[in-house]
Amino acid sequence: MNRYRDLLSKRDFALLWGGATVSAFGDGMSFVALIWLLLERGGTPAEVGWLAAVYTAPVVVGGIAAGVILDRFDPTRVIAADNIVRGVAIASVPIASALGFLTTAQLFVVAAIYGLLYMTSAAGIPSLIPRLVEAGDLTTANALESISYGIAGLVGPTIAGVVIALLGAPFVLALDAVTYGVFVVCLLAMARQGRGSLEGVPAVSAGDPGSPAAAAAAGVKGSGGIGPAFWFIVGAPAIVAITVMYMSLNLGTGIMTVVIPLYARDVLGGGSETFGLLLSVWTAGELVGLLAVGAIAWRWPLGRSIAGACLVSGIILSLWLLRPPLLALAAILAATGVVSSSLTPWAQTIRMRLIPPQLRGRVFALLRTLMQSTRPVGAIVAGLLLAGGDLTLALAATALLVVVPGAIGLWLPALGRGPTAEP
């Protein structure tokens, strides 16, 4: 754990990570609250799927704009502005509920605002990390970023389920609005060295000097648009492979976001507490795995390791087809979380080794937009697969969408050499 302690001794990184963790905790509660509010208002499985889709679909539009803005302006203040707007949007739900004006349409509008602005922080945080830590600490820093979401997923849904049962879903959303404010304070407290222009920062090699990636890096100062980021990605086979893999994974995750609450209610006969518990157990496994990944010096090729973890995760998920009871399903979700937890920090490390500093905002935004864009598609597909009331097709699709890319990735040359293999 010395690696974590040393990293968190850096004031600016500690502020960034601490604020992001608090905010992510609030988001973990809010998703449960929004879904349960819809169910309380008589929402159908299809409507649950559409709400889950709206919660993430606007990243396709917002993500592209966010990348350009992050590279052009002070990213710390851009992220702070994003959190202010989203905090106000979330706060509007408990306010409207208290005044008796809350409608189902408002839930969809708030979810859309969240999705539209989500990529600002999702891309802004990793674009800041390489400026706050040493190169040798990147994997540990990326593990800590993922741990933020792990802590949020572990504690947030469970607390949300209990608070919903005791005080109601609107109160949960009020708490989330406060967490946005905490993140804003942390961001504004960061020293100037964590912000400002990237002018003069040496670019990381993108591979062959004649490749499209290198050309994009060389020409970045001449263009502030998204074009250089696109051509950089196209010219980096390892990044292309990992991105496609994650798009498939998120398609399966989108299906799971719809299946889990319905399975909790219709198969297990539980309520919001069961829903929150299953989400928490899943993320508890991820948190355990992330703590291990960030604490050790991994010596296997990172690209191959990502593909292997993906394959094993899909095999474990296929056990869900057996319609397990609560404890067995909790074990399946926990094991899946442990195995899959390493994917994000390893992939982020590969990206940070390859992406030129001048392109980080745009490339991270474009990559995360592409990856997030399939999650709402998965939610919509889940609604269609569940229209007949049978969970089998949705569960089978989830497992296949994780197994297949992992199996393919084990054979891709791009994932076994260069930055993907370097310890």
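Any read-out appearing in this document is the output of simple, stated calculations on the displayed coordinates, not a laboratory observation. All of these numbers come straight from a predicted model, not from anything done at the bench. With ideal geometry, Cβ positions are generated from the backbone for all residues, glycine too; neighbour counts draw on all protein chains shown.
Here A81 and L319 are evaluated by their C-beta separation; at R0 = 45 Å the FRET efficiency comes out at 0.55. Only Cα pairs under 8 Å and 6+ residues apart enter the sum, and on that basis the relative contact order of the chain stands at 29 percent. Backbone geometry of the stretch 380-389 corresponds, through the Karplus equation with coefficients 6.51, -1.76 and 1.60 at θ = phi - 60°, to 3J(HN,Hα) couplings of 5, 4, 4, x, 6, 5, 8, 4, x, x Hz, x marking Gly and Pro. Projected onto their three principal axes, the Cα atoms of the stretch 218-321 cover extents of 59, 34, 23 Å, largest first. Run the Debye formula on the Cα coordinates of the chain, all scatterers equal and no solvent, and tell me log10 I(q)/I(0) at q = 0.06, 0.09, 0.11, 0.13 1/Å. Values returned for q = 0.06, 0.09, 0.11, 0.13 Å⁻¹ are -0.22, -0.52, -0.79, -1.14. Comparing Cα centroids, the stretch 359-414 and the stretch 106-168 end up 19 angstrom apart. Between rounded, prolate and oblate, where does the stretch 330-403 land on the alpha carbon gyration tensor, with a ≥ b ≥ c its root eigenvalues, rounded for a/c under 1.5, else prolate if a/b exceeds b/c? Oblate shape, in that a/c is at least 1.5 and b/c is the bigger or equal ratio.
The angle between the Cα long axis of helix 237-262 and the main principal axis of the chain comes to about 10°, on a 0 to 90 degree scale. With R₀ set to 25 Å, the beta-carbon distance separating L167 from A105 gives a calculated FRET efficiency near 0.55. Fully extending the segment from V404 to V240 would add 57.4 nm, taking 0.36 nm per residue of separation and subtracting the current Cα-Cα distance. Would you please give the FRET efficiency between I95 and E134, computed as 1/(1 + (r/R0)^6) with r the Cβ-Cβ distance and R0 = 56 Å, to the nearest 0.05? With R0 = 56 Å, the Cβ-Cβ based efficiency is 0.80. Under the simplified labelling scheme, the A14-V178 pair shows an inter-label distance of 2.4 nm, with each label point 7 Å from Cα along Cα→Cβ. Diffusion of the stretch 296-349 by Stokes-Einstein, at 37 °C in a medium of 0.692 mPa s and with Rh set to the Kirkwood radius over alpha-carbon pairs, works out to 273 µm²/s.
Where does the chain land at 222 nm, in deg cm²/dmol rounded to the nearest 500, when only DSSP H runs of n ≥ 4 count, each adding -39500 (n - 2.57), divided by all residues? Calculated from helices alone, the mean residue ellipticity at 222 nm is -26000 deg cm²/dmol. Ellipsoid fit via the Cα gyration tensor, the stretch 1-148: semi-axes of 32, 17, 14 Å, each the root of five times an eigenvalue, largest first. Coordinate range of the alpha-carbon atoms in the stretch 273-318 per principal axis, descending: 40, 26, 11 Å. Around the Cα centre of the chain, unit charges on the Cβ atoms of Lys, Arg, Asp and Glu (plus for the first two, minus for the last two) sum to a dipole of about 720 debye. Compute the label zone of A189 within the stretch 66-93: residues whose backbone N is under 18 Å from the point 7 Å along Cα-to-Cβ. Answer for this model: 76-77, 79-81, 83-84. Of W298, W411, W231, the sequence from fewest to most neighbouring Cβ atoms within 10 angstrom is W411, W298, W231. Pairwise Cα distances in the stretch 80-189 exceed 22 Å in 41 percent of cases.
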